[in-house]
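Read the structure below first, then the notes.
What follows is calculated from the coordinates using simple rules that are stated; it is not laboratory data. This one's a predicted model, so the numbers in the text were calculated from it and none came from an experiment. In this analysis, Cβ positions are derived from the backbone assuming ideal geometry, glycine residues included, and neighbour counts consider all displayed protein chains.
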Amino acid sequence: MESKILEQIEYTRVDGGGRKAAERIIKETALSIRIGGKHYTTAMILAVMEREFVLGHLLTQGVIKSAREIRSLTIRNYVAEVALIDTYKKQRVGRKVSSKFKVKQNDIINCVRAVNKSDLFSETEAVHCAGLFINGSEPVCIAEDLGRHNALDKAIGYGLLHNVDFTNTIVTVTGKQPSEMIVKCRNVNIPVIATRSVPTTLAIETAEKAGITLIGLVRGKDMVVFTHPEKIA
């Protein structure tokens with residue numbers, strides 16, 4: 001059966017000589033999003049959880065505030081047609097996360113470990129993972145994609161479809177954390193972000209202003225808390 005996300009590719013391996021080999025390689029797919037019949041954006045994604053990606057992307061970009069604002073969403077031939085209840089107008093999003101959520105240090109470690117166990121990454125070394133966990137430990141969704149931004153949108157979209165209260169969640173991701181990832185979490189009121197890697201200086205500044213606890217270098221039992229350590233119980 002043909003895979004939507006993997007394709008067998010032949011190549012020449014050079015390791016002191018040349019020999020033919022083959023392995024499965026990640027497929028890159030263009031998904032176009034149309035709102036009210038008009039082109040909104042085209043994203044290069046891993047073609048799984050497309051519905052979750054569209055919803056998560058629209059939410060993190062301030063196009064919608066809830067799934068109830070979607071009249072219909074159909075995806076056919078890699079084109080997502082979105083119809084909104086009201087005429088499209090970019091929503092105003094909050095500049096600060098409002099949450100009393102606290103997370104235990106050991107739960108942070110376990111959540112970061114969970115997104116670094118991807119079988120797809122182990123095979124291809126070509127995907128990022130993002131995980132959404134409620135109450136600091138219960139996994140809501142672990143999503144994979146070519147880029148960490150898309151993986152995060154998928155996890156958030158899944159949470160939106162399942163009525164998750166984002167103010168009681170932690171997001172963990174693979175790879176470095178640029179400011180755009182912090183903004184996505186701020187826009188949906190996610191209070192804690194953690195990664196095995198590191199953030200940028202602008203990501204730290206954005207998290208500080210947004211009231212988000214940003215944690216990096218989570219390795220073993222060690223971690224670095226860059227902003228708002230008061231959310232760690």
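Observations, loosely collected:
- Sorting His162, His39 from the fewest to the most surrounding beta carbons within 10 angstrom yields His39, His162.
- Environment charge of Val218, counting only residues whose C-beta is closer than 10 Å and scoring Lys/Arg +1, Asp/Glu -1: +3
- Cα gyration tensor, the stretch 105-231 - rounded (a/c under 1.5), prolate or oblate: rounded
- Within a Gaussian network of the chain (alpha carbon springs, distance under 10 Å), most fluctuating of Lys96, Lys104, Lys38: Lys38
- The fewest-to-most ranking of Cys141, Cys185 by surrounding Cβ atoms within 10 Å reads Cys141, Cys185.
- Computed E for Thr42/Ser122 - FRET, C-beta separation, R0 41 angstrom, nearest 0.05: 0.90
- Ranked for footprinting exposure by Cβ neighbours inside 10 Å, fewest first, Arg76, Arg113, Arg196 give Arg76, Arg113, Arg196.
- Options Gln8, Ala22, Ala151, ranked by Cα towards positive dipole end of the chain, top entry (Cβ charges): Ala151
- Prolate/oblate/rounded label for the chain (Cα gyration tensor, a/c 1.5): oblate
- Rounded to the nearest 5, the antiparallel percentage of DSSP beta bridges internal to the stretch 105-231 is 65%.
- Prolate/oblate/rounded label for the stretch 1-56 (Cα gyration tensor, a/c 1.5): prolate
- Each Lys and Arg Cβ is given +1 and each Asp and Glu Cβ -1; about its Cα centre, the chain then shows a dipole of about 720 debye.
- Computed over the chain: relative contact order in percent, which uses C-alpha pairs under 8 Å that are six or more apart: 18
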